[in-house]
Amino acid sequence: RRAVPEDRGEVFSFCRELNPDFDEEASRRAFLEIIAEETAAVFVAEIEGKTIGFTELHLLNSLQNPKHALIRSLFVHPDFRRMGVARALIRSGEEWAVLHQTGKILVRSRVEREAAEKFYVTDGYSIFKTQNVFRKTLSV
């Protein structure tokens, strides 16, 4: 199902597991904006009312890579892995992307996440590029 504001606590706990540098304070407003945007979606998976995973997607458009969807995050609680939860979340994201008239979906995964790579390849995704990612903090 699509995420609602009340999902923020659980989604943020998963974000902290994905990213030790996760800035909860800075992400509070972003979460509400993202779940309300037409060009973004957050889906959550539940079992018996307990949130056990989520995925975040965005529609992007650029000159070198026309309209496509990007999976920004995918996380399933360790107790519920290898049960089809991630695949169900991915399917929800793919269906959302198709509804938004994009036939291409991308996902980035750290090289050291070998289980994630195996998951995506098994699910029909192919590696088409490796790259370095650079970051610079700006004063605002």
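The values are calculated or read from the model by the stated rules, or taken from the named source; none is laboratory data. Here the structure is a predicted model, which means the values were calculated and not measured. Positions of Cβ are generated from backbone atoms using ideal geometry, with glycine treated the same way; all protein chains shown enter the neighbour counts. Ligands, DNA and RNA are stripped out before the accessible areas are found, and what is left, the full protein with its side chains, is counted by its heavy atoms. Shrake-Rupley method; radii C 1.70, N 1.55, O 1.52, S 1.80 Å.
Only one residue in Phe54, Phe43 is closer than 18 Å to Asp79 by Cβ, within 12 Å of the chain's Cα centre (by Cα) and of a type in the set (Phe, Trp, Tyr). Which one?
Values: Phe43 fails: closer than 18 Å to Asp79 by Cβ.
Exactly one of Phe54, Phe43 is closer than 18 Å to Asp79 by Cβ, within 12 Å of the chain's Cα centre (by Cα) and of a type in the set (Phe, Trp, Tyr), namely Phe54.
Find all pairs meeting these conditions: Cβ atoms under 9 angstrom apart; at least six residues apart or on different chains; first residue within the stretch 109-125 and over 12 Å from Leu74 (Cβ atoms); second residue in a loop (DSSP other than H, G, I, E, B) and open to solvent by 100 Å² or more (accessible area, probe 1.4 Å).
Val111/Thr130; Glu117/Val111; Glu117/Ile127; Val121/Ile127
Contact list please: Cβ distance under 9 Å, first residue in the stretch 94-105 and open to solvent by 50 Å² or more (accessible area, probe 1.4 Å), second residue part of a helix (DSSP H, G or I), pairs at least six apart or on different chains.
As it stands, the answer is Gly103/Ala97; Lys104/Ala97, since those pairs meet every condition given.
What's the number of the condition Thr102 fails, among (1) closer than 17 Å to Phe43 by Cβ; (2) out of contact with any Leu (no Cβ under 9 Å at 6 or more places or on another chain); (3) among the hydroxyl-bearing types (Ser, Thr, Tyr)?
(2)
What is the number of the single condition among (1) outside any strand (DSSP E or B); (2) at pLDDT 90 or above; (3) open to solvent by 80 Å² or more (accessible area, probe 1.4 Å) that Glu46 does not meet?
Looking at each condition in turn, Glu46 falls short on (1).
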